[in-house]
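Just below is one structure, and these are the notes that go with it.
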Amino acid sequence: MVENRNVGFTNMTNVQFENILINFGFGTKEEKKQILIDNSHKDVFMDLTCFDPQEFYSTFPQLKGSFAALFCDHDKRIEVHMKDKNEAFISKLQELGFKTFETSILSCGFVFPRTIVQIINEAHFALEENVASKKDIDRAMKFGVNYPKGPFEWSQGRERYVLVLLNELFEKTNDKRYVASKLI
């Protein structure tokens, strides 16, 4: 069963099968926690791209795994963390077209999203300082470092995710490198 919610700040899809709920998409921390409260009787796997999975694991035993899908590329590659191996979850992700990369490292923003939002943020700082145009910055990153997309192409339509993840990282670390550009 697939349930879609696209209201206000929330843009989530829940996929349910057997005793498993997979929560895809973006929502506030409170909305994510409410889904866990409402599904305490299921094994839940949740997209926590913009948050620290450890904070959720410590409070919600029904959370069996987390993943980062908000910045997945055209090949639908995503990072996945599981408390315990769950083949049904991995099989369902593969059935949905995702290529999973399991990680044992738990950190706010996982690895790829955390890295890409910093690149996006730096690109916005360069734009703020009139270093180059968006088009020139995207071209420089594609041709100069062989990225598949430029930072503005990556962020297009994902600005809210970028901002929430940068703010969450800054709140957790108090590291000024996570202060968001005013252009995001």
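The values are calculated or read from the model by the stated rules, or taken from the named source; none is laboratory data. No experiment lies behind these values; they were computed from the predicted model shown. Cβ coordinates were reconstructed from backbone atoms using ideal geometry, including for glycine residues, and neighbour counts include every protein chain displayed.
Structure notes:
- Among the residues of region 25-42, those identified as part of a loop (DSSP other than H, G, I, E, B) and within 23 Å of Lys85 (Cβ to Cβ) are Asn39, Ser40, His41, Lys42.
- Considering Phe152, Phe60, Phe45, Phe89, the condition of being in contact with a helix residue (DSSP H, G or I) (Cβ under 6 Å, 6 or more places away or on another chain) and assigned to a helix (DSSP H, G or I) is satisfied by Phe152 alone.
- Taking region 75-114 as the range and being closer than 29 Å to Asn174 by Cβ and among the polar types (S, T, N, Q) as the test, the residues that pass are Thr103, Ser104, Ser107.
- Yes/no for Phe112 being under 16 Å from Leu48 (Cβ atoms) and modelled with pLDDT under 95: yes
- Residues located in region 14-53, provided they are at pLDDT below 90, within 19 Å of the chain's Cα centre (by Cα) and within 18 Å of Ala88 (Cα to Cα): Asn14, Val15
- Phe170 assigned by TED's automatic domain parsing to the domain that holds Ala69, surrounded by 12 or more Cβ atoms within 10 Å (Cβ to Cβ) and not β-branched (Val, Ile, Thr): no
- Of the residues making up region 60-74, those that are at pLDDT 95 or above and either surrounded by fewer than 18 Cβ atoms within 10 Å (Cβ to Cβ) or among the polar types (S, T, N, Q) (or both) are Pro61, Gln62, Ser66.
- Test: residue in region 145-159 that is modelled with pLDDT under 95, among the polar types (S, T, N, Q) and surrounded by 14 or more Cβ atoms within 10 Å (Cβ to Cβ): yes
- Criterion (of a type outside the set (Ser, Thr, Tyr) and within 23 Å of Ser181 (Cα to Cα)) met by exactly one of Pro113, Pro61: Pro113
- In region 112-144, residue surrounded by the fewest Cβ atoms within 10 Å (Cβ to Cβ) [restricted to those that are of a type in the set (A, V, I, L, M) and without any contact (Cβ under 8 Å) to a residue 40 or more places away in the chain]: Val131
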